[in-house]
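Engineer: Got a structure here, written out as structure tokens. Questions coming.
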Amino acid sequence: MTEEVQVWVAPLEVTEARYADLAGTLAVEERRRAEDLPPVLARRFVVARGILRDLLSGFTGTPAQKLKFAYGSAGKPSLVDHDINFNISHSAELGLFAFAPDRAVGVDVENERPVRRLLDVAQRFMSEDEVRTLAATDPDQRDATFLRSWVVREARLKAEGRSVWSGQETAGSPGNLTHKLFSPRPGYIAAVAASDSDWRLYTCAVKH
């Protein structure tokens, strides 16, 4: 039987009333994290975490403000009292929230944009084959090619509970992940990765 991996897509620009509602569900630790960020990023963080809590509340039946998170070594969140696999990513004004009932899942999204020092970043984080491919790509297409590779890499690492920024990206991979690339909104590129291949991607829109 083919299982569903759901990815909910949400704009992070909300009304003040909606912001207040979402902020009211956050734990003290989440509010402190927001306080350490610049104002624009702090607001988007609060909205994203509030939406995550709202969606998880719908899946678990637990009030959003009562959900408790634990974090893996690379910072991947999980719920303390519920068995549901989920992951979150946001870029610019868009947030993605991935959920899977029976398997590890990771998601990553990037807004399409010029990438500063693209080849330097690629040489640091990508394989020699990927770097050669980028170097041979038409300069007009290089940013898009890089971002496609990046979101796939991040989604797969996040599904494994790792991160490209954690120093764990060179660790061995289980090798049983599959991924799908998609465009959640014009101007954005995203990837979702999950264990095995017997799943299909289903995208949903969060209504504010």
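Engineer: From the list 41, 55, 22, which one is assigned to a helix (DSSP H, G or I), crowded, with 16+ Cβ neighbours inside 10 Å and out of contact with any Phe, Trp or Tyr (no Cβ under 7 Å at 6 or more places or on another chain)?
Structural biologist: The unique qualifying residue is 22.
Engineer: Regarding residue 34, is this residue over 24 Å from residue 195 (Cβ atoms) and in contact (Cβ under 8 Å) with a residue 40 or more places away in the chain?
Structural biologist: no
Engineer: Further, regarding this structure: What do you reckon, is residue 96 part of a strand (DSSP E or B) and either free of Cβ contacts under 8 Å to residues at least 40 places away in the same chain or aliphatic (A, V, I, L, M) (or both)?
Structural biologist: yes
Engineer: When you go through 151, 131, 115 one by one, which is the residue that is β-branched (Val, Ile, Thr), at pLDDT 95 or above and touching a Leu at 6+ places or on another chain (Cβ under 8 Å)?
Structural biologist: 151
Engineer: Which residue out of 116, 124 is in a loop (DSSP other than H, G, I, E, B), free of Cβ contacts under 8 Å to residues at least 12 places away in the same chain and either charged (D, E, K, R) or over 19 Å from residue 163 (Cα atoms) (or both)?
Structural biologist: Answer to the check: 116.
Engineer: Just one of the numbered conditions (1) surrounded by 14 or more Cβ atoms within 10 Å (Cβ to Cβ); (2) among the polar types (S, T, N, Q); (3) under 28 Å from residue 40 (Cα atoms); (4) out of contact with any strand residue (DSSP E or B) (no Cβ under 7 Å at 6 or more places or on another chain) is not true of residue 89; which one?
Structural biologist: Among (1) surrounded by 14 or more Cβ atoms within 10 Å (Cβ to Cβ); (2) among the polar types (S, T, N, Q); (3) under 28 Å from residue 40 (Cα atoms); (4) out of contact with any strand residue (DSSP E or B) (no Cβ under 7 Å at 6 or more places or on another chain), the lone unmet condition for residue 89 is (4).
Engineer: For the stretch 61-71, what are the residues that are surrounded by 14 or more Cβ atoms within 10 Å (Cβ to Cβ) and either out of contact with any strand residue (DSSP E or B) (no Cβ under 7 Å at 6 or more places or on another chain) or basic (Lys, Arg) (or both)?
Structural biologist: 62, 64
Engineer: Now for a separate question. Can you tell me which residue is farthest from residue 147 (Cα to Cα) among those in the stretch 174-208 that are part of a loop (DSSP other than H, G, I, E, B) and in contact (Cβ under 8 Å) with a residue 40 or more places away in the chain?
Structural biologist: 208
Engineer: For the stretch 18-31, how many residues are under 18 Å from the mean Cα position of the chain (by Cα) and in contact (Cβ under 8 Å) with a residue 40 or more places away in the chain?
Structural biologist: Selection size over the stretch 18-31: 0.
Engineer: Which residue is farthest from the chain's Cα centre (by Cα), if the candidates are limited to the stretch 127-164 and must be of a type in the set (Gly, Ala, Ser) and farther than 20 Å from residue 71 by Cα?
Structural biologist: Out of the qualifying residues, it is 136.
Engineer: For residue 75, only one of the following conditions fails: (1) surrounded by fewer than 15 Cβ atoms within 10 Å (Cβ to Cβ); (2) free of Cβ contacts under 8 Å to residues at least 24 places away in the same chain; (3) under 22 Å from residue 191 (Cβ atoms). What is its number?
Structural biologist: Only one criterion in (1) surrounded by fewer than 15 Cβ atoms within 10 Å (Cβ to Cβ); (2) free of Cβ contacts under 8 Å to residues at least 24 places away in the same chain; (3) under 22 Å from residue 191 (Cβ atoms) is unmet by residue 75, namely (2).
Engineer: Restricting attention to the stretch 106-126, does a residue exist that is farther than 29 Å from residue 176 by Cα, of a type in the set (Lys, Arg) and over 22 Å from the mean Cα position of the chain (by Cα)?
Structural biologist: Within the stretch 106-126 (the criterion being farther than 29 Å from residue 176 by Cα, of a type in the set (Lys, Arg) and over 22 Å from the mean Cα position of the chain (by Cα)), the answer is yes, since at least one residue qualifies.
Engineer: Out of the stretch 1-17, which residues are within 22 Å of the chain's Cα centre (by Cα) and either in a helix (DSSP H, G or I) or polar (S, T, N, Q) (or both)?
Structural biologist: Within the stretch 1-17, just 6 meets the criteria.
The values are calculated or read from the model by the stated rules, or taken from the named source; none is laboratory data. All values derive from a computational prediction rather than experimental measurement. Methodologically, a virtual Cβ is constructed for each residue, glycine included, from the backbone with ideal geometry; neighbour enumeration extends over all protein chains shown.
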